[in-house]
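The values are calculated or read from the model by the stated rules, or taken from the named source; none is laboratory data. The shown structure was predicted, so the numbers you read here are calculated from the model rather than taken from an experiment. We place every Cβ from the backbone using ideal geometry, glycine too, and count neighbours over all the protein chains shown.
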Amino acid sequence: MKRFFLFLMTPIVALTLFGDADAELEFRSNSKVSPGDTTSATINSEPSIPVYQAATKNSINATKKGIQLHFRDYPLGEVLKNINDETGIRFNLSSKMAKIPINVDIEAKYWKSSVRQLIKDFSRVEVWTNNHRTSQIWLVESNSYH
């Protein structure tokens, strides 16, 4: 009888805890990104360029009105490092993907929407929580299905 009770209660407890976690899990796939190096690089909080450094063409601005991202021919990994420094959102991507130069001009009200616009052309797994420091995004290299 005890085994039956444990067998019945385990999934109920797991589902209850998952529901209370308030996490939003997503997977997005996009075949625009070419396959390549499978070595992964974790973006840490050591900035290579300060977020608040005045730059004429590369900048991140967070104001009461929203978030502005402006980058020209800037490595994706460096952009994500700066976002990590500003927000605590963790990014994981391969060293090859980190070198991809990007050109973006994004204006959005919240970090979540600006990050989504930034990485919209990449296959990814997103885990968003109410606290950016516990949110994490994996950018994955994908194969074209054509």
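Scanning region 54-86 for residues being more than 14 Å from VAL104 (Cα to Cα) and basic (Lys, Arg) gives a total of 3.
Taken over region 48-61, the residue count meeting the criterion of being at pLDDT 85 or above and small (Gly, Ala, Ser) is 1. Of the residues examined, GLU86 is one that is surrounded by fewer than 19 Cβ atoms within 10 Å (Cβ to Cβ), more than 18 Å from SER123 (Cα to Cα), within 15 Å of the chain's Cα centre (by Cα) and charged (D, E, K, R).
Taken together, SER31, SER45, SER95, SER113 contain a single residue that is surrounded by fewer than 17 Cβ atoms within 10 Å (Cβ to Cβ), modelled with pLDDT under 85, of a type outside the set (Asp, Glu) and within 23 Å of SER142 (Cα to Cα), which is SER31.
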